Amino acid sequence: MSSAALDNREAAAQDAWSIPLDKINVANPILFKNDAMWPYFERLRKEDPVHYCAEHEFGPYWSVTKYKDIMAVDTNHAAFSSEPSITIADPKDDIRFPMFIAMDPPKHDAQRKVVTPVVSPANLEYLEPIIRERAGKILDSLPRGEVFDWVDKVSIELTTMTLATLFDFPWDDRRKLTYWSDIATATKESPLFVSDEHRREKLYECVDYFMRLWNERVNAPPKNDLISMLAHGESTRNMDRMEYLGNLILLIVGGNDTTRNTISGSVLALNQNPDQYDKLRANLDLIPSMVSETIRWQTPLAHMRRNATRDIELGGKTIRKGDKVIMWYVSGNRDDEVIENPNAYIIDRERPRQHLSFGFGIHRCVGNRLAELQLKIIWEEIMKRFPRIELAGAPERVASSFVKGYEKLPVRIPN
Ligand code: HEM
């Protein structure tokens, strides 16, 4: 792939269709930073839907790019294991923190069960008015007629507050959660990344902080926050420090980045599609389907990885035992064999929840209903206050082929 293609979307469109197939490496984070990955995925879906990339920083990998093939992998956990990692990067030998998203049954199932009550219908009902009140306060504090960063002032603020409540985390320290989430997933290309040692140091600070909370809660009667659930859960109460850290990172990243990036994505998508923004203003009942459409359109986690446990055929290719298989949700969500006019953002689609963004099978997102609830509330509250939020510059995207999101989104609310 040419360096011009990495920096420039037009060059990428040409490059994607002209280079030899085996030279395509869709996992390059710079492609995502520049939103230049789309034509490469389009070519792979058309010409080589199960594609082998032999040369990559983290070793060779298969790319699965069509909706139905992704479903086939995601729902076959016996042949496609989540161990040792669910991202393209391999765990480093000197720091391993197990988490249940990167485990297979039976341990995965037992640990997942421990935290699931946090998103029970009853708890969502309890959370709804709390989130609504906070959303209202955040929106009421925004400047008018002035440019500000939507990511920082709204998306991070709301989702971090929700996460702090899920953990019953000390309120004034809640931005630590944002930092730990960002540092855990930062690629070398990220402005936050200093070195692997620095990251390790920060994650140790994270687990030390949470250890204090664990010690308080393990000696108190069980409550319905995540730390208490982990401290009292049968399959989690004996976790060592690193496994505790792993599951914390899972819950922090899961509960934070993804929803944050969808909130930012919704403002961007509606501005890029003013006819859809008009449609929404004319009919607020469309908020839930707009939310789902944004989750598809944004695909906040671009991929999940699996590891073949045996030789297996997929899309006419033979995947060998031990091979790394990347399910590109970001591509499957644009597959026109399953989703009509998939590149268009259409807030009143017939089946808006038909998308891959939450995955499928035994690892399907635990927090999917909570994510939708936060999005729905923020938009209901936005529409009560502002008929229009305008873009005031280009978004700055995250340099990652895993977390697909925004560093910054400059906006203005007209007076
Ligand atoms: C729009 C927002 C979100 C998106 C797009 C998203 C996406 C995903 C995806 C793709 C997976 C893996 C699915 C698979 O491998 O098949 C996942 C798993 C998970 N998510 Fe989410 N997520 C979101 C919000 C949340 C929230 C708010 C929470 C926390 C409350 C959360 C907690 C989790 C957990 C714990 C798992 C691991 C499940 C398992 O391994 O069994 N997610 N999510």
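Read the figures in this text as sums done on the coordinates, not as results from a lab. Source: prediction; values computed, not measured. A quick note on method: Cβ atoms are made from the backbone with ideal geometry, for glycine too, and the neighbour counts reach across all protein chains shown.
Annotations
- Only Cα pairs under 8 Å and 6+ residues apart enter the sum, and on that basis the relative contact order of segment 272-415 stands at 27 percent.
- Using only alpha carbons, the chain has a radius of gyration to Kirkwood radius ratio (Rg to Rh) of 0.95.
- A Förster radius of 51 Å combined with the Cβ-Cβ distance from ALA282 to ALA89 puts the calculated FRET efficiency at roughly 0.70.
- Reach of LYS137 by Cα under 29 Å, taken over lysines that are not fewer than 8 positions away in the same chain: LYS153, LYS176, LYS223, LYS279, LYS376, LYS384, LYS404, LYS408
- By DSSP, the beta bridges lying fully in the chain are antiparallel in about 90 percent of cases.
- Loop-located trypsin sites (Lys or Arg not before Pro) across segment 182-271 with a Cβ neighbour count of 16 or fewer within 10 Å are LYS188, LYS223, ARG237, with loop assigned by DSSP.
- In units of the rule-of-thumb radius 2.2 N^0.38 Å, segment 5-87 shows an alpha carbon radius of gyration of 1.15.
- Percentage of interatomic Cα-Cα distances in segment 308-415 larger than 25 Å: 44 percent
- Under 21 Å of direct C-alpha separation, and excluding same-chain neighbours fewer than eight residues apart, LYS68 reaches these lysines: LYS46, LYS317, LYS324.
- FRET efficiency, ALA110 to LYS188 (Cβ-Cβ, R0 35 Å, nearest 0.05): 0.50
- Per-bin percent of Cα-Cα distances, segment 260-322 [5 Å]: 4, 15, 19, 15, 8, 7, 8, 10, 8, 5, 1
- Radius ratio Rg over Rh of segment 1-160, counting only Cα atoms, Kirkwood formula for Rh: 1.07
- Solution diffusion estimate, µm²/s, Stokes-Einstein, segment 324-383, Kirkwood Rh from C-alpha pairs, 37 °C, viscosity 0.692 mPa s: 244 µm²/s
- Top of SER181, SER228, SER18 by mean-square fluctuation, Gaussian network on the chain, Cα under 10 Å: SER18
- Approximate spin-label separation ARG212-ALA11, in nm, with each point projected 7 Å along Cα-to-Cβ: 4.9 nm
- Compactness index (Cα Rg / 2.2 N^0.38 Å), segment 143-212: 1.28
- Extension gain (nm, one decimal) between TRP171 and LYS223, 0.36 nm per residue minus Cα-Cα: 17.0 nm
- Neighbour-count ranking [beta-carbon atoms within 10 angstrom, fewest first] of MET290, MET239: MET239, MET290
- Spread over its residues, the convex hull of the C-alpha atoms of segment 65-212 is 195 Å³ per residue.
- For LYS113, a cut-off of 12 angstrom between C-alpha atoms picks up these aspartates and glutamates, skipping any fewer than 8 places away in its own chain: GLU234.
- Between ARG241 and ILE362, the simple spin-label model (points 7 angstrom out along Cα→Cβ) gives 3.0 nm.
- With only Cα atoms counted, segment 289-355 has Rg and Dmax values of 14.8, 43 Å.
- Estimated purely from DSSP H runs of n ≥ 4, each contributing -39500 (n - 2.57), the mean residue ellipticity at 222 nm for the chain is -14500 deg cm²/dmol once divided by its residues.
- Full-stretch length increase - GLU125, HIS56 - with 0.36 nm per residue and alpha-carbon distance subtracted: 20.3 nm
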